[in-house]
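Here is the structure we will look at.
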There are 2 protein chains.
Amino acid sequence: MARASGGAVERRAVDKRRVILDAAVRVFARQGFHTCRVSDIADEAGVAYGLVYHYFKSKDEILDTLFLERWDILLSAIQEVDRQEIPVREKLFAIASFIVDSYRHDPELMKVIIVEVTRAANTFGRTHLAQIREAYDQIATIVARAQREGVLRSDVTADFAALAFYGAVEQVLTGWIFALLPTGEREYEEAKHLIVETICGGLERTEGQRPAAGSRD
Amino acid sequence: MARASGGAVERRAVDKRRVILDAAVRVFARQGFHTCRVSDIADEAGVAYGLVYHYFKSKDEILDTLFLERWDILLSAIQEVDRQEIPVREKLFAIASFIVDSYRHDPELMKVIIVEVTRAANTFGRTHLAQIREAYDQIATIVARAQREGVLRSDVTADFAALAFYGAVEQVLTGWIFALLPTGEREYEEAKHLIVETICGGLERTEGQRPAAGSRD
DNA sequence: CTCGTGATTGACTGACCAGTCAATCTGTCC
DNA sequence: GGACAGATTGACTGGTCAGTCAATCACGAG
């Protein structure tokens, strides 16, 4: 199937699959995975009900696909960041930036991934626990190296540090998703700095560091 | 109904309601709210199907009740902590302790609250967003006061600090719930310190603070 | 003993919806 | 043109379950 000559056919086929996936993002974001019907996705995509099952084995597989597509990109991005020869703080900033920018670029997709998979570890995320853990582990690796180099304190375990970092990021996205936090270009940039500042620098006022972003004493 | 003389009747009635609620916790924890059937709860409680609807308007109302009961206690606990005249760090430690101990005392209930409500803001938590926000706000208030007193830095907003703190706590509980993190008495105690240490002190190695692993000031 | 009220029972119903499938369409290849 | 393959359609089925309800029970009061 899909011989070299059949480019046009295959292109069209791939497109419909994509159309369905994109529609699913919108529907999941709007109604939630459990609440929506497969027919809602078909309607949103402007295709017949049955076509959804031509391209996907089940409703679950659609969410699955959406998550894995995006999570793989995230994992690659973290690895890429880790390869660079820059200070931890910059690595963490780069990771926070990547995730925040993902949200900026496609809030609906990120909403689905966070709300329906990452934060729904019971229902659906269970299947993907390994993937999610992989992200934690990569971050922990970055922290552990910095600890060995003496840049980060060692009495907070790397695993725990990764948890706290990821927790802050997820919490911020969740805040945006449910409008607990104001959104906007400025807020996105600010959040990146705040996350890294909080996790690396800590909340307590110290002598050494007071970079004060336009602040007064 | 429930005349003064009818103590025994009322007691029995209240008990069955409680039996159903407790059974629901076990069932929700084991199978998840969406996956379980009302008949599973009835079976677990050892009562007839219909009795569940005698005490609760709907399946949702059971989860509702469970969440609100517990969340009210949490909110009171935070307020109580805030009333005390102790340093921020100790206040945050007390809050972290309360939540960790809640988990220690009743992991199934906390699992249900975290997984099915708090982390499931889309499906169910939406109804309780205001309650959840209330907890954030109370924490933010504590941070804000400490900022005014000059104990905490002011370039990280109080709202954001609360988010990061709560995020760390929730992330740790989630780690325990899904066995990403080892559980046990020692781990529970350790977690309380790590959360506060990370959020207040930050991950970076500094001159002033270096309370090596086992020690306390 | 009898009445009444609330507790308790579990069979039943009505709605919903994921997934199936047989029919039809579209385009390619020879 | 004919035949084949995959794309596309949407009506239909089968199973699931939340919630209802009429019947029965348990017990206190008079």
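Considering only the other residues whose Cβ falls under 13 Å of the Cβ of A:G32, what net charge follows from Lys and Arg at +1 and Asp and Glu at -1?
Numbers: positive: A:R26, A:R30, A:R37, A:K59, A:K111, A:R119, B:R126; negative: A:D40, A:E108, A:E116.
Surrounding charge for A:G32 is +4.
Cβ under 14 Å from B:A130's Cβ, B:A130 left aside: what net charge do those residues give with Lys, Arg +1 and Asp, Glu -1? All intermediate terms of the calculation are to be shown ahead of the outcome.
On the way: positive: B:R126, B:R133; negative: B:D64, B:D72, B:E134, B:D137.
With Lys, Arg at +1 and Asp, Glu at -1, the net is -2.
Pairs of alpha-carbon atoms within less than 8 angstrom and 6+ residues apart define the contacts here; what relative contact order does chain B have, in percent? Intermediate values should be presented prior to the final figure.
Numbers: 145 pairs, mean separation 37.7, N = 217.
Relative contact order, chain B: 17 percent.
Let me know the longest stretch in chain A that avoids all trypsin sites (Lys or Arg not before Pro) found in a DSSP loop with at most 14 other C-beta atoms within 10 Å. Show your work: numbers first, answer last.
Numbers: sites that count: A:R3, A:R37, A:K57, A:R216.
Segment A:58-215 is the longest.
To the nearest 0.05, how large is the calculated FRET efficiency for A:R126 and B:L129 if R₀ is 30 Å and r is the Cβ-Cβ distance? Let's see the in-between values first.
On the way: r = 24 Å, r/R0 = 0.82.
With a Förster radius of 30 Å, E is 0.75.
First obtain the Kirkwood hydrodynamic radius of the stretch B:69-139 from its Cα pairs, then insert it into the Stokes-Einstein equation at 4 °C and 1.567 mPa s, and state the resulting D in µm² per second as a whole number. Walk me through the numbers on the way to the answer.
Details: Rh = 12.8 Å.
Once the numbers are plugged in, D ends up at 101 µm²/s.
Would you mind finding the longest exposed-site-free stretch of chain A, with exposed GluC sites (Glu not before Pro) meaning DSSP loop and at most 13 other Cβ atoms within 10 Å? Spell out each step's value before the answer.
On the way: sites that count: A:E85, A:E149, A:E207.
That would be A:1-84.
Would the stretch A:128-179 count as rounded, prolate or oblate if I go by the C-alpha gyration tensor, calling it rounded below 1.5 in a/c and otherwise prolate when a/b exceeds b/c, oblate otherwise? Write out the running numbers ahead of the final one.
Details: a/c = 3.32, a/b = 1.73, b/c = 1.92.
It is oblate, given that a/c is not under 1.5 and a/b is not larger than b/c.
Just round it to a whole percent: the fraction of Cα-Cα distances in the protein assembly as shown exceeding 36 Å. Walk me through the numbers on the way to the answer.
Working: 30913 of 93961 pairs.
The proportion of pairs with Cα distances above 36 Å equals 33 percent.
Can you classify the stretch A:100-210 as rounded, prolate or oblate using the Cα gyration tensor, where a ≥ b ≥ c are the square roots of its eigenvalues, rounded means a/c under 1.5, and otherwise it's prolate if a/b beats b/c and oblate if not? Show your work: numbers first, answer last.
Numbers: a/c = 2.48, a/b = 1.26, b/c = 1.97.
Oblate, since a/c reaches 1.5 and b/c is not below a/b.
Counting helices only, and only those DSSP H runs with n ≥ 4, report the 222 nm mean residue ellipticity of chain A as the sum of -39,500 (n - 2.57) divided by its residues, in deg cm²/dmol to the nearest 500.
Values: 9 runs with 140 residues, N = 217.
Helix contribution divided over all residues of chain A: -21500 deg cm²/dmol.
For A:L152, enumerate residues with amide H under 5 Å from its amide H, sequence gap 5+ or separate chain, H modeled in the peptide plane.
Amide H neighbours of A:L152, under 5 Å, 5+ apart: A:Q147, B:R205.
Which whole-percent values make up P(r) of chain B when all C-alpha to C-alpha distances are grouped in 10 Å steps starting at zero?
Percent of Cα pairs in each bin: 7, 29, 30, 19, 10, 4, 0.
Under a Cβ-only charge scheme (Lys and Arg +1, Asp and Glu -1), can you give me the dipole magnitude of the stretch B:151-210 about the Cα centre, in debye to the nearest 20?
On the way: 5 positive and 10 negative charges, 16 e Å.
Once rounded to the nearest 20, the dipole reads 80 debye.
Every read-out reported here was derived from the displayed coordinates using simple, explicitly stated rules and does not represent laboratory data. Since this is a predicted model, take the numbers as computed values, not measurements. Quick reminder, even Gly has a Cβ in these numbers, built from the backbone with ideal geometry, and neighbours come from all protein chains shown.
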